[in-house]
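The values are calculated or read from the model by the stated rules, or taken from the named source; none is laboratory data. In this text, all values refer to a predicted model and were calculated from it rather than measured experimentally. Here the Cβ positions follow ideal geometry from the backbone for every residue, glycine too, while neighbour counts run over all protein chains shown.
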Amino acid sequence: MLSEHPVYIRLSPDQGARMTPPKKSADKAISAISWVTLGIYLLIAASLSLLAIFSFYDVILQAVALVQAEDMTQGVLQVLHALLLTLIIVEILETVTVYFRTNRVQVTPILIAGITAMVRRVLTFGVEPVEPLDIGLTLAAILVLTIAIVFIGKQERVDSY
C-alpha cells in the first residue's frame, strides 16, 4: 500500500557531484547547437534581406517598364508578380526576425506567404492555359491556408489570456 506521506531521499555530496558532469556536457552541447542555429538564422536573415532589396528593385524596374509596355494588362501583371514575390520574401524574413525576438518560430507569417504565393498563381490563370483541376487545387490551398490562419489566430488569442 502506498504511503500518503512524501518520501525524501537524501543524496550524499559525492553522489550529486557524479551527476553534474554529464549534465554540464549536455548543456554545453545544447548551447553549441543553439549558437549554430542562431548563426544559420542570421545568414538566412541576411540573405532574405538582400533578396527583398533586389526583388523590390525589380518591382521598380517593372513599374518603369510599364510606362513603355505595349500590353498594359501584361505589364500590370508583371508588376503585381514582382510585388507579391517581394511580399513573400518579406513575410519569410518577418518569421526569422520574430524568431530572434521570441526564440519561437511563428507560423502565421509563413501561412500568409503561402496565401500570397497562391494569389500570385491565381493571377496567371488569365494569362496561361490552366487545367480546371489546377484551378480547383489552388483555390483549395487558399481555403486551407485561410482556415489555418483563422484557427491559429483564435488559438493565439486563447493562449494570451
| From the set of residues in segment 66-83 that are touching a residue at least 24 places away in the same chain (Cβ under 8 Å) and surrounded by fewer than 19 Cβ atoms within 10 Å (Cβ to Cβ), which is farthest from residue 52 (Cα to Cα)? | 74
| said: Which count do you get for residues in segment 75-133 that are among the basic types (Lys, Arg) and within 19 Å of residue 40 (Cα to Cα)? | reply: 2
| What do you reckon, is residue 68 within 26 Å of residue 138 (Cα to Cα) and at pLDDT below 90? | no
| field | Tally of residues being under 15 Å from the mean Cα position of the chain (by Cα) and surrounded by 13 or more Cβ atoms within 10 Å (Cβ to Cβ) across segment 29-51 | value | 6
| message | Can you tell me which residue is nearest to residue 149 (Cα to Cα) among those in segment 52-65 that are surrounded by 18 or more Cβ atoms within 10 Å (Cβ to Cβ) and of a type in the set (A, V, I, L, M)? | response | 52
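So that you can scan it fast, the table gives a plain yes or no per residue for (1) at pLDDT 90 or above; (2) of a type in the set (Lys, Arg); (3) under 29 Å from residue 159 (Cβ atoms):
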position: 55; (1), (2), (3): yes, no, no
position: 88; (1), (2), (3): yes, no, yes
position: 92; (1), (2), (3): yes, no, yes
position: 120; (1), (2), (3): no, yes, no
